[in-house]
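One structure below.
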Amino acid sequence: MTYREAVCRGESLLKEKGIADAGCDAWLLLSMVCGIDRNFYYMHMNDAMAAGHQLEYEKVLNIRAGHMPLQYITGEQEFMGLRFLVDRDVLIPRWDTEILVEEALKRIKPQMEVLDLCTGSGCIIISILKKEPSILATASDVSGQALRIAQKNAALNGVSVNLIESDLFCNIAGKFDMIVSNPPYIKTEEIEKLMPEVREYEPRKALDGSADGLFFYRNIILEGKRFLKPAGYLVFEIGSDQGEEVCALMREAGYNKIEIVKDLAGHNRVVIGGNHV
């Protein structure tokens, strides 16, 4: 089988199984298995693949055809122009979350102390650190397996983060200039309606925000006041339909300078509240 035939076969198989972006995924899997780039492919597309590569390509195609996310097969995802390792212990970083990082960076100053709750892969705090290396960065997650990935990503991207295994604030001490979080926020009953790549493969405890999707927001908002310095900020990613509810929770808890930021698609994506006197 030639490289060209392999990609065509891969695209056909993935389309048949209802995989979005079948052509792109077929190429990326071929690139991973064979260790080739586009230039090599176009110069050698009619050359025969090595037998070992062909067998491995068939294997990963079938895995993707079963709707395992591409990122869990390749083991990585780009976020904020950086490379992050991922496996099934962490959510796959998404471009939506880049809005949170960008909004946090607008308010961060050198030497600030920043806490990332529910850090998962560590993509938020690591991306902030790459842009503002002087901050004192702490990140926590209830999952020790997630923290293992976050530690690898910190090393991969050349930054230092204080990683703490903690159920929200349980093992956290001190006060912070900013708390950022992309907590679980999907309503429990909605999880079964998600695409199979998410529903069947991404960690449920990183998705499930309880019956109304607001469990973690309530807890972080209420407890967060004790962990924020005066004039500190609390910065959340939210579901597109949760903006007003999260803002209301912040107002009730005494936060001010509350605002909602939309993503590039025009959906509510980030809520910011201040602890200003």
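The values are calculated or read from the model by the stated rules, or taken from the named source; none is laboratory data. Here the structure is a predicted model, which is why all the values come from computation and not from measurement. Heads up, the Cβs are rebuilt from the backbone with ideal geometry, glycines too, and the neighbour counts pull from every protein chain shown. SASA here: full protein model, heavy atoms, side chains in, ligands and nucleic acids out. Shrake-Rupley method; radii C 1.70, N 1.55, O 1.52, S 1.80 Å.
Collect the residues in region 175-193 that are in contact with a helix residue (DSSP H, G or I) (Cβ under 8 Å, 6 or more places away or on another chain), in a loop (DSSP other than H, G, I, E, B) and open to solvent by 50 Å² or more (accessible area, probe 1.4 Å), keeping them in residue-number order. If the condition is that a residue be in contact with a helix residue (DSSP H, G or I) (Cβ under 8 Å, 6 or more places away or on another chain), in a loop (DSSP other than H, G, I, E, B) and open to solvent by 50 Å² or more (accessible area, probe 1.4 Å), then Lys175 is the only one that fits.
Here Glu202 fulfils each of the conditions (1) in a helix (DSSP H, G or I); (2) farther than 22 Å from Tyr233 by Cβ; (3) open to solvent by less than 20 Å² (accessible area, probe 1.4 Å); (4) not small (Gly, Ala, Ser) apart from (1).
Pairs are defined by a Cβ separation below 7 Å, a sequence spacing of at least 6 or placement on different chains, a first member in region 20-41 that is over 14 Å from Val60 (Cα atoms), and a second member that is aromatic (Phe, Trp, Tyr); the pairs so defined are Tyr41/Tyr3. Residue count for region 214-260 satisfying the condition of being in contact (Cβ under 8 Å) with a residue 40 or more places away in the chain and among the hydroxyl-bearing types (Ser, Thr, Tyr): 1. With respect to the stated conditions, Lys152 is touching a strand residue (DSSP E or B) at 6+ places or on another chain (Cβ under 6 Å), assigned to a helix (DSSP H, G or I) and at pLDDT 95 or above. Residues that are free of Cβ contacts under 8 Å to residues at least 60 places away in the same chain and of a type in the set (A, V, I, L, M, F, W, C) number at least 1 in the following strands (runs of 3 or more DSSP E) confined to region 53-142: 76-79, 136-141.
The set of residues from region 205-234 being open to solvent by 60 Å² or more (accessible area, probe 1.4 Å) and in a strand (DSSP E or B) comprises just one member, Pro230. Applying the selection to region 1-20, what residues are within 29 Å of Met195 (Cβ to Cβ) and at pLDDT below 95? The one that is within 29 Å of Met195 (Cβ to Cβ) and at pLDDT below 95: Ala20.
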